[in-house]
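Here the structure comes first, spelled out in structure tokens, and everything after it is commentary.
Nothing in this text is a laboratory measurement; each read-out follows from the coordinates by a stated rule. Since the model is a prediction, treat every value here as computed from it, not as a measurement. Heads up, the Cβs are rebuilt from the backbone with ideal geometry, glycines too, and the neighbour counts pull from every protein chain shown.
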Amino acid sequence: MERSRIVAANWKMNVLPSEAMSLAGQVAQALPIKNVEVIICPPFTHLFSLMSLQSESLKIGAQNCNENPFGAHTGDISAQMLKDLGCSYVIIGHSERRARQSTENARISAKIRAALQTGLKPIYCCGEGLPIREKEAHIEFVKDQLETDLSTLQTGHIEEIVIAYEPVWAIGTGKNASPEQAQEMHASIRKWLSDRFGSVLGTQTRILYGGSVKAVNALALAKQNDIDGFLVGGASLNVDEFIKIVHSVSESAND
Ligand code: PGA
């Protein structure tokens, strides 16, 4: 079975609430694009207004959640709140959070569980930093991340997860992983999923690539067997660039 494709926009801490509707609205107008589900993940403050754009071809997601349903967690937002608002997806474990929040790594598994339990689909991020890539320990490193973050999850829930491989050295640097480097890691992630949860999950799980994806490099990456789309940061803030990326993914699905 052909896996459906995804292109997710990670706006990070960019775009003002007053500008969000115009940017996301232009994306919505270019959709649907065949075979691709587009997801926009804006800052929390924009979620409510963008919810009206949600459709079959455009979903709205958040960039993080707290693992608890409610309580004394000032400044945080729970998976349940996001679900109640109408969100479909939530990014969990982005490297910018892993790097800056000392407790983040230990909470990722619980966050994924909270998202899955409320019916939100997690976009789970993994990926190695430059020193690990230079030591050629990247495959083992990402396997360890998967073990830590996903191995305790239950089949029956985990089917909804989307994995984003984002090598830290490629994020926001303009230096993307080559199609071969990305394919090697995606195949390894798929094998880990098959070994751990069975071949059905291994075959069906969508694995996105993220890290300096642009219109010029999208098609070659998207053509790789185990790449099912992208998590796009910088280039998602430019509508023309972003839509070109979505078209490349659509084209690769039609091959
Ligand atoms: P980038 O970011 O496309 O700007 O490299 C990707 C991400 O951090 O998700």
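Conditions tested, residue by residue: (1) touching a residue at least 60 places away in the same chain (Cβ under 8 Å); (2) away from the ligand (no atom under 16 Å from the Cβ).
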residue: GLY198; (1), (2): no, yes
residue: LEU201; (1), (2): no, yes
residue: ILE227; (1), (2): no, no
residue: PHE242; (1), (2): yes, no
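Name the residues in segment 199-255 that are under 15 Å from the mean Cα position of the chain (by Cα), closer than 16 Å to ASN35 by Cβ and in a loop (DSSP other than H, G, I, E, B), would you? Within segment 199-255, ARG206, ILE227, ASP228 qualify.
Of the residues examined, SER212 is one that is on the phi > 0 side of the Ramachandran plot and either buried (at least 16 other Cβ atoms within 10 Å of the Cβ) or near the ligand (Cβ under 10 Å from one of its atoms) (or both).
Look at segment 44-70: where a residue is surrounded by 13 or more Cβ atoms within 10 Å (Cβ to Cβ) and a partner is part of a loop (DSSP other than H, G, I, E, B) and among the β-branched types (Val, Ile, Thr), sitting 6+ places away or on another chain with Cβ atoms under 8 Å, you get PHE44/ILE77; HIS46/VAL15; ALA62/ILE77; ASN64/ILE77; CYS65/ILE77; ASN66/ILE77.
Restricting attention to segment 117-163, the residues that are in contact with a Leu (Cβ under 9 Å, 6 or more places away or on another chain) and not hydroxyl-bearing (Ser, Thr, Tyr) total 16.
I'd like to check something: does segment 102-116 contain any residue that is basic (Lys, Arg) and within 16 Å of the ligand (Cβ to nearest atom)? Break it down into steps so the answer makes sense when it comes.
First pass over segment 102-116, keeping only residues basic (Lys, Arg): 107, 111, 113.
Next, only the ones that are within 16 Å of the ligand (Cβ to nearest atom) stay: none.
No, the conditions are met nowhere in segment 102-116.
Could you list all residues from segment 5-55 that are assigned to a loop (DSSP other than H, G, I, E, B) and either within 16 Å of the ligand (Cβ to nearest atom) or within 14 Å of HIS247 (Cα to Cα) (or both)? Across segment 5-55, the qualifying residues are TRP11, LYS12, MET13, ASN14, VAL15, ALA30, LEU31, PRO32, LYS34, ASN35, PRO42, PRO43.
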